[in-house]
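The values are calculated or read from the model by the stated rules, or taken from the named source; none is laboratory data. The structure displayed is predicted, hence computed values, not measured ones. Cβ: placed from backbone, ideal geometry, glycine included. Neighbour counts: every protein chain shown.
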């Protein structure tokens, strides 16, 4: 199943801004943040240089968003150090894309990177 066109447009707008802000905050030469849409899922990745001298980068998944088309609500997942995905416990009513991205931005536990 794919995201409805209007939802996909909103995802692109919100996540483009999120990625750009996060890169600026952490300096683009030290972090690249990207997202990928597959079906009704969105994966956000964080890439950092392994070594500045070699130019090699490591890529880590930091968040996974799942859209339920039937109820038009989102779920947020985080990844542990073994790249295993876990449902993030959000408050009742926090299920819009904007709310969940704000959760990622303001998370103080560090599970969504820095």
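One table, with the values for the structure above:
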{"quantity": "Qualifying residue in the range 23-34 (condition: loosely packed, with under 15 Cβ neighbours inside 10 Å, assigned to a strand (DSSP E or B) and touching a residue at least 24 places away in the same chain (Cβ under 8 Å))", "calculated": "no"}
{"quantity": "Near pairs, Cβ below 9 angstrom, 6+ apart or cross-chain, from the range 6-17 (in contact (Cβ under 8 Å) with a residue 24 or more places away in the chain) to any residue that is crowded, with 17+ Cβ neighbours inside 10 Å and part of a helix (DSSP H, G or I)", "calculated": "7/97; 10/97; 11/97; 14/97; 14/101; 15/97; 15/101"}
{"quantity": "Elements of type strands (runs of 3 or more DSSP E) contained in the range 51-114, each with 1 or more residues being touching a strand residue (DSSP E or B) at 6+ places or on another chain (Cβ under 7 Å) and in contact (Cβ under 8 Å) with a residue 60 or more places away in the chain", "calculated": "56-68"}
{"quantity": "Subset of the range 22-47 [out of contact with any strand residue (DSSP E or B) (no Cβ under 6 Å at 6 or more places or on another chain) and at pLDDT below 90]", "calculated": "24, 25, 26, 27, 28, 29, 30"}
